[in-house]
1. With in contact (Cβ under 8 Å) with a residue 40 or more places away in the chain, buried (at least 20 other Cβ atoms within 10 Å of the Cβ) and either within 16 Å of the ligand (Cβ to nearest atom) or farther than 23 Å from Phe448 by Cα (or both) as the only criterion, which of Ala329, Ala286, Ala364 stands out?
2. Taking the conditions exactly as written (of a type outside the set (A, V, I, L, M, F, W, C), within 16 Å of the ligand (Cβ to nearest atom) and buried (at least 21 other Cβ atoms within 10 Å of the Cβ)), does Gln427 satisfy them or not?
3. If we keep just the residues of region 481-509 that are within 13 Å of the ligand (Cβ to nearest atom) and outside any strand (DSSP E or B), which is surrounded by the most Cβ atoms within 10 Å (Cβ to Cβ)?
4. Looking at (1) in a strand (DSSP E or B); (2) away from the ligand (no atom under 16 Å from the Cβ); (3) hydroxyl-bearing (Ser, Thr, Tyr), find the lone condition where Thr343 falls short.
5. Do we find that Ala401 is small (Gly, Ala, Ser), within 26 Å of Phe46 (Cβ to Cβ), within 16 Å of the ligand (Cβ to nearest atom) and in contact with a Pro (Cβ under 6 Å, 6 or more places away or on another chain) in this structure?
6. Restricting the first residue to region 589-618 and requiring it to be closer than 27 Å to Ala364 by Cα and assigned to a strand (DSSP E or B), which pairs with a second residue that is of a type in the set (Gly, Ala, Ser) and within 16 Å of the ligand (Cβ to nearest atom) meet a Cβ separation below 8 Å and a spacing of at least six or different chains?
7. If you take the residues of region 218-270 that are assigned to a loop (DSSP other than H, G, I, E, B) and of a type in the set (Asp, Glu), which of them is modelled with the lowest pLDDT?
8. Could you say whether any residue in region 440-455 is β-branched (Val, Ile, Thr), in the same structural domain as Ser34 (by TED's automatic domain parsing), touching a helix residue (DSSP H, G or I) at 6+ places or on another chain (Cβ under 6 Å) and closer than 19 Å to Pro20 by Cβ?
Amino acid sequence: MSVDQRPEIENLLAEGRTFPPDPAFSAQANAQASIYDEAAGDPEGFWARIARETVIWREPFTTTLEWDLPFAKWFVGGKLNISENCVDRHVANGLGEKVAYHWIGEPGDKRTITYADLLREVSKAANALRELGINTGDRVAIYMPMIPELPIAMLACARIGAPHTVVFGGFSAEALSGRINDAEAKLVITADGGWRRGKAAALKPAVDEAVQSTPTIEHVLVVRRLGDAVESGTAMEDGRDVWWHDVVDRQSETCEPVALDSEHMLYLLYTSGTTAKPKGIMHTTAGYLVGTSYSHMQIFDVKPDDVYWCAADVGWVTGHSYIVYGPLANATTGVMYEGTPDTPAWDRWWQIIEDYKVNILYCAPTAIRAFMKQGDALPARHDLSSLRVLGSVGEPINPEAWLWYHEHIGGGKTPIVDTWWQTETGQILITPLPGVTTTKPGSATFPFPGIEADIVDGAGNSVPLGGGGYLVLKRPWPAMLRGIYGDPERYKETYWNRFPGMYFAGDGAKRDEDGYFWLLGRVDDVMNVAGHRLSTTEIESALVSHPVVAEAAVVGGPDPVTGEAINAFVILRLGNEPTKELGQALRDHVATKISPIAKPKSLMFVPDLPKTRSGKIMRRLLRDIAQGRSLGDTTTLADATVVETIRANTGAAEE
Ligand code: WT7
């Protein structure tokens, strides 16, 4: 084959194992196969039906979709309030005593928030926002640990139509001020701090630093979480800073939700692009509510008595859509945990599942691989039999990690939903439906009903089954981003110009002969080895399929012969020694498992990998390390010491 006839991305790894749904699960499942046909026949009619059936409207919508490519408006003419849909209606329906959140602080303190509690607290907080000068349309920044006041603050903003922008509590003062300035927020809601890895981690000092350079901020509203645990106390600036308990607690317990336009901006969430200026992804009200709540109900098979735990941080889109808005719209009982999975020990999550009899767990492959590294004994010590659905999100899940999750967490019986989506998409777009879809470990399977996804080559032509290329979406969906805040040109250029008429997600993907979608990582990470375009994902999965490996990352580096050479970084499961022989064996394992062209040129054993704070491997930094270059920007790294540890590490196996 000549180089130009070669595929956009090679299809190397074949995964043969399949998991058909258990008939007993299918019989009781929320999702039925018929929704695929209904949606395919008339996607707009499908979404319109769901919007009518699932949303409390103040005024009904008149047009389902206005599509002025690439600008979408959904449920045009409708009026609603999302906090009313997430809270008030459940209390009105007699569910006031139902638990909305079981909250667990890292030190072991607990709070139970019912829907009636939520209604009262959200109303009080909304009244407090008004007192602090926030009106409909004003933007509010939220920078908080994982405490109940975080969803309360979001819902309070939504109640009065003040778009929020949540900035993950692990981000720096600089990241916070950048986002505040882009959004021109008037208020920051924060806390004195939170508990993390057994320590009191102050948050307010970062806000103080950030607001030095944010002229639009008028007030800082501060929840007291740590209290006296803050070493030098929490400084409050007179006239600017106010304590939540001083202002919120004395408010009236009722606050009329404002009826807002379907397309009223609900929130901005900034994607932390590695080098470029963060993009303020805009989400609006009605379409987002419809997309998140319906997908949540179908994909997680949530039942009225279920306990559901999405273990992400509310600061990411996963938390916005599947801890706050989707689940609350469905009157779900959720778990919210403040701390890290290793505190006090690596079985904290399994203890929580046992204590609360959690039925549904949704988390990221990075967490699953970290648990895998710790071994099988910890989950085995706990009763995890309440689990009936498991979910994965954020990165491709390696088949081996999928199987470990299935066996050691799911007891070999629970369906796994590997859900592909993005901050921009707002809702899950590619996923199995539990009870309907036969799953294959490592595949996100098929587009959700009403979603048209395809894989195209460089010219935008659909790639036949069996081939790889670029993942695109060919029709609008309700929870899609409405643009980049203040920058419509960048919106067009980033997502819509590469393939005219299609949304380009930036991910590589392939489809197997049965039409299953397999995500292959960001296209920027694709390596070109001797004319073959290789995805990082498949080589990493081949490494993880070896029993000693917990996690792997591969990156390309310049090579005089092959153009690019593959450099691998490997984390071993506990109890295995890094040796030169093992390194060679792992390189050979990749060659036999997928192909000699994918054999890493070098392989380095590392104790950890550089990751973003949401757990994605930062391959850019690994490229720098592999090539001995000075490091670029490391401000979005979760743990900056990792890079130095890797650099200092020897134990590399090289050709
Ligand atoms: C990128 C979006 C969606 C919420 C969390 C991440 C990757 C996400 C999967 C999956 C393979 C996945 C993609 C995507 N990704 N889910 N199931 N399989 N890759 O949101 O930070 O906006 O990241 O995460 O590369 O484009 P995000």
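The values are calculated or read from the model by the stated rules, or taken from the named source; none is laboratory data. Because the structure is a prediction, the values reported are computed rather than measured. Quick reminder, even Gly has a Cβ in these numbers, built from the backbone with ideal geometry, and neighbours come from all protein chains shown.
1. Ala364 is the lone residue from the list that is in contact (Cβ under 8 Å) with a residue 40 or more places away in the chain, buried (at least 20 other Cβ atoms within 10 Å of the Cβ) and either within 16 Å of the ligand (Cβ to nearest atom) or farther than 23 Å from Phe448 by Cα (or both).
2. In short, yes.
3. Leu481
4. Failed condition: (1).
5. Spelling it out, it is not the case that Ala401 is small (Gly, Ala, Ser), within 26 Å of Phe46 (Cβ to Cβ), within 16 Å of the ligand (Cβ to nearest atom) and in contact with a Pro (Cβ under 6 Å, 6 or more places away or on another chain).
6. Lys611/Ala638; Thr612/Ser272; Thr612/Ala638; Ile617/Ala553
7. So the residue we want is Glu231.
8. No, there is no match, as no residue in region 440-455 is β-branched (Val, Ile, Thr), in the same structural domain as Ser34 (by TED's automatic domain parsing), touching a helix residue (DSSP H, G or I) at 6+ places or on another chain (Cβ under 6 Å) and closer than 19 Å to Pro20 by Cβ.
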